[in-house]
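Read-outs throughout are calculated quantities, based only on the coordinates presented, and are distinct from any laboratory measurement. Bear in mind that the values here come from a model prediction, so they are computed numbers and not experimental data. FYI the Cβ positions are ideal-geometry reconstructions off the backbone, even for glycines, and counts take in every protein chain you see.
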């Protein structure tokens, strides 16, 4: 599929896809006889994984590191596992902190709801 169709399917702009290719996140993108990019379904699943890593807060530099390891094949499984485990641990810590923030915020909301109810009753 061409870059425009691929961009729609993966929810990224063509500009972002070109940028990812320039960074080395998208490698081995085929070109047709006119030099236009031709993406495959395997590229789509890889981009979805890149998006998930970004959405969970992994910096592009670490995603590049993962892509480099992925390029090495089976020999890098242990390193990829470690990188993903470290990212998961950081994500769990962020979720715990965000949960704590949410709990405190909801406590304050409940406080103001009680105040509003007291004013209404008076």
From fewest to most C-beta neighbours within 10 Å, the residues 51, 108 line up as 108, 51
Multiply the residue separation of residue 97 and residue 38 by 0.36 nm, subtract the distance between their alpha-carbon atoms, and state the gained length in nm to one decimal. 17.0 nm
With springs only between Cα atoms under 10 Å apart, run a GNM on the chain and tell me which of 61, 107, 48 wobbles the most. 107
Over segment 3-121, what is the relative contact order in whole percent, taking alpha-carbon pairs under 8 Å and six or more residues apart? 16 percent
Among 106, 72, 92, the residue with the largest mean-square fluctuation in a Gaussian network model of the chain built from Cα contacts under 10 Å is 106
Which of rounded, prolate or oblate describes the chain when judged by the alpha-carbon gyration tensor and an a/c cut-off of 1.5? oblate
Roughly how many nanometres apart are two label points built 7 Å out from the Cα toward the Cβ at residue 61 and residue 116? 4.5 nm
Order of 8, 119, 29 from fewest to most other C-beta atoms within 10 Å? 119, 8, 29
Per the helix-only calculation at 222 nm, which mean residue ellipticity applies to the chain, given -39500 (n - 2.57) for every DSSP H run of n ≥ 4 and division by its residues, nearest 500 deg cm²/dmol? -25000 deg cm²/dmol
Between residue 104 and residue 86, with labels modelled 7 Å along Cα→Cβ, what's the label distance in nm to one decimal, could you check? 2.9 nm
How are the Cα pair distances of segment 1-46 distributed, in percent, across 5 Å bins from 0? 5, 23, 38, 28, 6, 0
The residues 58, 1, sorted from fewest to most surrounding Cβ atoms within 10 Å, come out as 1, 58
